[in-house]
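The values are calculated or read from the model by the stated rules, or taken from the named source; none is laboratory data. Computed from a predicted model, the values in this text were never measured in an experiment. Here the Cβ is made from the backbone with ideal geometry for all residues, glycine too, and neighbour counts use every protein chain on show.
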Amino acid sequence: MPKPEQHSENTLSRGTLFAGVIAGITASACCLGPLVLLMLGISGSWIGNLTAMEPYRPIFIGLTLLFLGLALRKLYFIPQSCAVDKSCARPANLRKQRILFWFITSLIIAMVAFPWYAPLFLE
């Protein structure tokens, strides 16, 4: 039977990574959202309303960095503690989690930085 703190640690790690992804998506929604909708063929004057989230962008970027920092802390700085017979004891699982973390982090950085490199695509 897994200890309650082990289950909550795995849930915390997944939760922080998921929250970082959501915060990254909302941080780029004002700029990346309209472009994605236009590329999908969806248009209309309402797309301009998506820029109403622009004033909240720094808050969402801060939340993104906070959650990614928590996930980084969990994956690299807190020693893994679980029972020998559990899947979290295998080094391959930790390696997969770290690879997934860096993949998601690179996607989030690309989304958050979109307003700075978007003019390169629109010229």
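Condition check for PRO2 on (1) at pLDDT below 65; (2) surrounded by 14 or more Cβ atoms within 10 Å (Cβ to Cβ): one failure, at (2). On the basis of being at pLDDT below 75 and at positive phi, does GLY44 make the cut? For GLY44, the condition - at pLDDT below 75 and at positive phi - is met. Here is the figure for the range 75-123: residues that are at pLDDT 80 or above and not in a helix (DSSP H, G or I) total 2. Of the numbered criteria (1) modelled with pLDDT of 70 or more; (2) farther than 17 Å from ALA110 by Cβ, the one GLY24 fails is (2). If you go through the range 95-105 and pick out every residue that is within 11 Å of GLY24 (Cβ to Cβ) and either surrounded by fewer than 13 Cβ atoms within 10 Å (Cβ to Cβ) or not hydroxyl-bearing (Ser, Thr, Tyr) (or both), you end up with 1.
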